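What follows is a short report on a single structure.
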Amino acid sequence: MTHKLKALIVEDEELARNLLKSYLKDHPVLQIIGECENGFEGVQKINELKPDVVFLDIQMPKITGFEMLELLEHKPEIIFTTAYDEYALKAFDYNAVDYLLKPFSKERMLEAVEKVVERIGNNENSHNKLEQLSTYAIDEYLDRIVVKDRHKINIIPVEAVRYIESLDDYVLIYTPDGRHMKQKTMKYFESHLNPKDFIRIHRSYIVQVGYIAEIQQYEKESYVVILKDKTKLKVSKTGYKKIKDILHF
Amino acid sequence: MKHPFLNNKKLLFYYGLFWLVIGVANALVQYLWYGTDLSAAFLSALTFFVLYPVLGGSIWFIIKYNSLEEKDLLWVMLYHLIGATILNGIWIYLTFILTKIIAPLHLQELYETLPGKLFSGYVLYVIYVLFFYSINYYQTLKEKIQKESELKSLIREAELSALKSQINPHFLFNSLNSIASLTINSPEKAQEMVINLSRFMRYSLQHDQDETVSLKDELENIKLYLSIEKVRFGRKLNPVFNIEESCQGVQIPNMILQPLFENAIKYGVYEATEPVSITTNCKNEKGHVAISIENDYDGESVRNRGEGIGLRNIRQRLELIYGSAELLRIEDQKTSFKVVLLLPKTIPA
């Protein structure tokens, strides 16, 4: 290895950061290039510094470690460090290298670093397959969606989502204050939004039930929904059936 | 309580079966042994073992409203005497009608044996009363046992959740992680934190939920808790206390404030990137102390607060101890969250 691996710490507690830094001091293959106090900073620095590996806390102010990962353009290897054991399964859904439970020993952490080195050596960075591999372990439905618009990170409560439109590898999320782009699949939102409130009415649309104002027939067996803001969206046959089931008509 | 026959179809079945067997046996004995003619034997069995059991079912209602525990024995007996007389009157009247229809020839005989028949009516009444009292007793006992076990499981649940909240694992593990970090660069601080953590946990483990403590002791423990969290959160956590001296001695339920501070940390400090004040005010007012705990929070990232387990638990305890859940008030201003507790100075026994 010609140069050391670049590591970034994203962790809100100073003492926890200090511990990590002292564990990693003079590490032969890994070098700390920066630290962040929260997910917002994390997004910025990861995209800017492009580290190879990130030590990531999960419960942090504003946005969680998981939400931060969704906003990244550069995808580093992730080692989670947290006091919560209940996120372990979800962590591996995000293709994490390791999951360190606080407090952890130096040896345990070095093991995790070994795994990173191995993974990078084998060039098996498989982040792009993440979406397909993930089995969507759903522990609970989303109550907010975090999006990045240019340089601002927005937290959208799901109640504010009018509808979601698919756009190739992205989705457009329409809210009262505009639309937001996010790199996720329709399938992801279909399974992670509460089906009581959100229906996939068409291959390209997921609609919040509460925003539907009207359902109109415009041809035989062909329907459109009209939202409260007058937007018209096409409804597929199966979509129409789902609406019928939920609204009981 | 519903009529046991309506509640318990099996009981009704056995009741019917019992009197059917007795009735058939009685009719056969009269017919085969005493040589009574068939219609008379049938009639007698019908009135005694079908008609009376049907009418007798209503005796349960007299039992129900004449509990021996609630009323004087004399009154109960009087009511039963009246009940028995009315019931027997109806019974005899219906017996006459049935006799007229089935065996009019025996009407004369009925007149002659009327006093004996009435007498057996009263005796039967007593038997029914005993029967229904025992059923009633059994039912009440069963209900009581069920209620008791429900209550027990409720208490166990409360104890368990109390135990769990006393030692919040995330608080513990994060604190231990801080200690691990401190041992490297500032061992004295690590030592101090271990001691504070031990004192805090000893206090939590020592006191039962039904105990009362002075406000002073409770606040001391809270300060200990906040000092431990302060090590983790540093400048982000800014506790402020305004306590009127005269409040200090007031007795309050143990650990009733703790969850409020845990919430303030969880929703206020944990979600913030800027310093957050947690302000505690205690005022000595007429009849009660008013304790308010207020923290800033970021309404944008903290959502769906609602009333969590912590607040509900406090409400339940206030309800149990003071008989009112209204002593806890919440003021949510979307940028600050305030909980006000009005604790009476005397705790009802």
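The values are calculated or read from the model by the stated rules, or taken from the named source; none is laboratory data. In this text the structure is predicted, and so the values were computed from the model without any measurement. Cβ atoms come from the backbone with ideal geometry, glycine included; neighbour counts cover every protein chain shown.
Return the pairs, sorted by first residue and then second, in which the second residue is part of a loop (DSSP other than H, G, I, E, B) and of a type in the set (Ser, Thr, Tyr), the first residue lies in the stretch B:92-113 and is over 17 Å from B:Ala41 (Cβ atoms), the beta carbons are less than 9 Å apart, and the residues are 6+ apart or on different chains.
none
Which condition breaks for B:Asn221 when tested against (1) in contact with a helix residue (DSSP H, G or I) (Cβ under 7 Å, 6 or more places away or on another chain); (2) under 23 Å from A:Arg144 (Cβ atoms)?
For B:Asn221, the exception is condition (2).
Identify, from the list B:Tyr14, B:Tyr52, the residue that is in contact (Cβ under 8 Å) with a residue 40 or more places away in the chain, in a helix (DSSP H, G or I) and within 22 Å of B:Val123 (Cα to Cα).
Only one candidate passes the filter, namely B:Tyr52.
Please name all residue pairs, on different chains or six or more residues apart, with Cβ atoms under 9 Å, provided the first residue is in the stretch B:65-77 and is exposed (fewer than 12 other Cβ atoms within 10 Å of the Cβ) and the second residue is in a loop (DSSP other than H, G, I, E, B).
Once the first residue is exposed (fewer than 12 other Cβ atoms within 10 Å of the Cβ) and sits in the stretch B:65-77, its partners that are in a loop (DSSP other than H, G, I, E, B) give B:Tyr65/B:Lys71; B:Trp75/B:Asn66.
Please enumerate the residues belonging to the stretch A:170-206 that are within 13 Å of the chain's Cα centre (by Cα) and part of a helix (DSSP H, G or I).
Matches in the stretch A:170-206: A:Tyr188, A:Phe189, A:His192.
With (1) in contact with a helix residue (DSSP H, G or I) (Cβ under 9 Å, 6 or more places away or on another chain); (2) under 24 Å from B:Leu11 (Cβ atoms); (3) of a type outside the set (Phe, Trp, Tyr); (4) part of a helix (DSSP H, G or I) as the list, and B:Thr99 as the residue in question, which single condition is left unmet?
Among (1) in contact with a helix residue (DSSP H, G or I) (Cβ under 9 Å, 6 or more places away or on another chain); (2) under 24 Å from B:Leu11 (Cβ atoms); (3) of a type outside the set (Phe, Trp, Tyr); (4) part of a helix (DSSP H, G or I), the lone unmet condition for B:Thr99 is (2).
Which of the residues that make up the stretch B:179-193 are within 16 Å of A:Leu20 (Cα to Cα), within 49 Å of the chain's Cα centre (by Cα) and of a type in the set (Gly, Ala, Ser)?
Result: B:Ala180, B:Ser181.
Among the candidates A:Arg108, A:Arg162, single out the residue that is surrounded by 13 or more Cβ atoms within 10 Å (Cβ to Cβ), over 21 Å from the mean Cα position of the chain (by Cα) and at pLDDT 90 or above.
Step by step, each of A:Arg108, A:Arg162 is checked, and only A:Arg108 is surrounded by 13 or more Cβ atoms within 10 Å (Cβ to Cβ), over 21 Å from the mean Cα position of the chain (by Cα) and at pLDDT 90 or above.
Select from the stretch A:143-174 the residues that are more than 14 Å from every other protein chain (Cβ to nearest Cβ), over 15 Å from A:Val43 (Cβ atoms) and in contact with a helix residue (DSSP H, G or I) (Cβ under 8 Å, 6 or more places away or on another chain) and list them in ascending order. Outline the logic, then answer.
Filtering the stretch A:143-174 for residues more than 14 Å from every other protein chain (Cβ to nearest Cβ) gives A:148-151, A:162-174.
Still in the running and over 15 Å from A:Val43 (Cβ atoms): A:162-174.
Residues satisfying the conditions are A:Arg162, A:Tyr163, A:Ile164, A:Ser166, A:Val171.
Can you name the helices (runs of 4 or more DSSP H) wholly within the stretch A:1-103 that have at least 1 residues being facing chain B (nearest Cβ under 10 Å) and among the basic types (Lys, Arg)? Write out each step before concluding.
Numbers: elements: A:14-24, A:39-49, A:65-70, A:88-93.
Helices (runs of 4 or more DSSP H) meeting the threshold: A:14-24.
Kindly indicate the residue of the stretch B:211-240 that is in contact with a Leu (Cβ under 9 Å, 6 or more places away or on another chain) and acidic (Asp, Glu) and also nearest to B:Leu260 (Cα to Cα) among those meeting that condition.
It comes out as B:Glu218.
Grab the strands (runs of 3 or more DSSP E) fully contained in the stretch B:231-331, keeping just those with 1 or more residues being within 14 Å of chain A (Cβ to nearest Cβ).
On the way: elements: B:237-243, B:251-253, B:276-285, B:288-296.
It comes to B:237-243, B:276-285, B:288-296.
Going by the structure shown, is B:Leu68 at pLDDT 85 or above and either aliphatic (A, V, I, L, M) or in a helix (DSSP H, G or I) (or both)?
So B:Leu68 does not fit the description; no.
Within the bounds of the stretch B:49-59, is there any residue that is surrounded by fewer than 14 Cβ atoms within 10 Å (Cβ to Cβ) and over 21 Å from B:Trp91 (Cβ atoms)? Before the answer, list the steps.
To start, the set of residues in the stretch B:49-59 that are surrounded by fewer than 14 Cβ atoms within 10 Å (Cβ to Cβ) comprises B:54.
In the following step, the residues that additionally are over 21 Å from B:Trp91 (Cβ atoms) were identified as none.
Checking the stretch B:49-59: not a single residue is surrounded by fewer than 14 Cβ atoms within 10 Å (Cβ to Cβ) and over 21 Å from B:Trp91 (Cβ atoms).
Is at least one residue of the stretch B:134-149 surrounded by 14 or more Cβ atoms within 10 Å (Cβ to Cβ), of a type outside the set (S, T, N, Q) and in the same structural domain as B:Ala45 (by TED's automatic domain parsing)?
Among the residues of the stretch B:134-149, at least one is surrounded by 14 or more Cβ atoms within 10 Å (Cβ to Cβ), of a type outside the set (S, T, N, Q) and in the same structural domain as B:Ala45 (by TED's automatic domain parsing), which makes the answer yes.
Could you please give the count of residues in the stretch B:171-193 that are free of Cβ contacts under 8 Å to residues at least 60 places away in the same chain and either more than 13 Å from chain A (Cβ to nearest Cβ) or not aliphatic (A, V, I, L, M) (or both)?
Keep residues of the stretch B:171-193 that are free of Cβ contacts under 8 Å to residues at least 60 places away in the same chain, which gives B:172-193.
Filter again for either more than 13 Å from chain A (Cβ to nearest Cβ) or not aliphatic (A, V, I, L, M) (or both), leaving B:173-175, B:177-178, B:181, B:183, B:185-189, B:191-192.
Result for the stretch B:171-193: 14.
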